[in-house]
Amino acid sequence: MKRQFPAVLAAFALVLAGSAAAATYDIDQAHSSVGFGVKHMMVSTTRGVFKDFAGTVTYDPANVAASAVDVTIQAASIDTQNAKRDTHLRSADFFDVEKFPTLTFKSKSAAPAGDGKLKLVGDLTMHGVTKEVTLDVTGPSEALKTERGAIRGATATTVVNRKDFGLGWNKVLETGGLAVGEDVTITLEIELHEQAAPAAAAADAGASKN
């Protein structure tokens, strides 16, 4: 029995080490982007971004399945570098931002998908409609250690049909085609900053008061 005790301690140490690797990160808006692309007139791609968003990511490289993502995007922050088009996109023809001010994504599962990649499944709510989507994720990257915690990066993409979310406005062209494509490619380029541990956060708060 005594001989087994060191092995038990070793196993317990491994469990603790795995737990310690889990961390929660904030999305750094200043170094991240939430972008999209959609076909215009069936010949080109119009691209845009949402400029106002926030979210958290919980990630443990030793237990990817325990990852969790929660993101909120302000619909009115849409920007396609064309003021007239952006006004139209904010209207009831598209996002109807007064009635549906936010888009959200909440993950439900995560699984490895090859070297440095994973599949992230979750609920995307847009225009008041919630649909399950799968994000193809590259990353998160190896942690870059800083004095204030780790920093990671990740890229995620998915394709959704905007009509599934009630964004059905369109215009038929003389050629019989459509002015706006139905499939929308969403691309997220995310920089993640580790949240301060409770003790460190309390120390920082105390220092700021002094």
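The values are calculated or read from the model by the stated rules, or taken from the named source; none is laboratory data. Keep in mind that this is a model prediction, so the values were computed, not measured. Note that each Cβ is placed from the backbone with ideal geometry, even for glycine, and that neighbours are counted across all protein chains shown.
Restricting to region 24-51, name every residue that is more than 14 Å from Thr80 (Cα to Cα), at pLDDT 95 or above and either acidic (Asp, Glu) or not in a helix (DSSP H, G or I) (or both).
If the condition is that a residue be more than 14 Å from Thr80 (Cα to Cα), at pLDDT 95 or above and either acidic (Asp, Glu) or not in a helix (DSSP H, G or I) (or both), then Thr24, Tyr25, Asp26, Ile27, Asp28, Ser32 are the ones that fit.
Looking at (1) out of contact with any Asp or Glu (no Cβ under 9 Å at 6 or more places or on another chain); (2) at pLDDT 95 or above; (3) of a type in the set (D, E, K, R), which one does Asp60 not meet, given that it meets all the others?
Status for Asp60: all satisfied but (2).
State all residues of region 77-101 that are assigned to a loop (DSSP other than H, G, I, E, B), more than 17 Å from Thr45 (Cα to Cα) and polar (S, T, N, Q); if no residue qualifies, say none.
Ser91
Which condition number does Ala54 fail, the rest of (1) in a strand (DSSP E or B); (2) in contact with a helix residue (DSSP H, G or I) (Cβ under 8 Å, 6 or more places away or on another chain); (3) under 19 Å from Ala143 (Cβ atoms) being met?
(3)
Quick check on my filter: what residues within region 65-75 are surrounded by 17 or more Cβ atoms within 10 Å (Cβ to Cβ) and in a helix (DSSP H, G or I)?
Result: Ala75, single match.
Considering Asp86, Asp96, Asp70, Asp79, which residue is within 16 Å of the chain's Cα centre (by Cα) and at pLDDT 95 or above?
Within the list Asp86, Asp96, Asp70, Asp79, the selection yields Asp70.
Are any residues in region 47-70 of a type in the set (Ser, Thr, Tyr) and free of Cβ contacts under 8 Å to residues at least 60 places away in the same chain, and if so, which ones?
Matches in region 47-70: Thr58, Ser67.
Inspect all residues belonging to region 128-138 and state whether any of them is at pLDDT below 95 and not in a strand (DSSP E or B).
Taking every residue of region 128-138 in turn, none turns out to be at pLDDT below 95 and not in a strand (DSSP E or B).
Counting just the residues of region 112-127 that are touching a strand residue (DSSP E or B) at 6+ places or on another chain (Cβ under 9 Å) and more than 15 Å from Thr157 (Cα to Cα), which one comes out surrounded by the most Cβ atoms within 10 Å (Cβ to Cβ)?
In this case the residue turns out to be Met126.
Which condition number in (1) at pLDDT 95 or above; (2) over 13 Å from the mean Cα position of the chain (by Cα) is the one that Leu14 fails?
(1)
So for region 119-126 (the condition being part of a strand (DSSP E or B) and either of a type in the set (S, T, N, Q) or at pLDDT below 90 (or both)), does at least one residue qualify?
Checked region 119-126: at least one residue is part of a strand (DSSP E or B) and either of a type in the set (S, T, N, Q) or at pLDDT below 90 (or both).
Write out, first by first residue and then by second, each pair whose Cβ atoms fall under 9 Å of each other, whose residues are 6+ apart or on separate chains, and whose first residue, in region 108-132, is over 16 Å from Ala68 (Cα atoms) while the second is among the small types (Gly, Ala, Ser) and in a loop (DSSP other than H, G, I, E, B).
These pairs meet every condition: Gly116/Gly139; Gly116/Ser141; Met126/Gly166; His127/Gly166; Gly128/Gly166; Val129/Gly166.
Looking only at region 166-182, filter to residues that are at negative phi and modelled with pLDDT of 85 or more; which one of those is surrounded by the most Cβ atoms within 10 Å (Cβ to Cβ)?
Leu167
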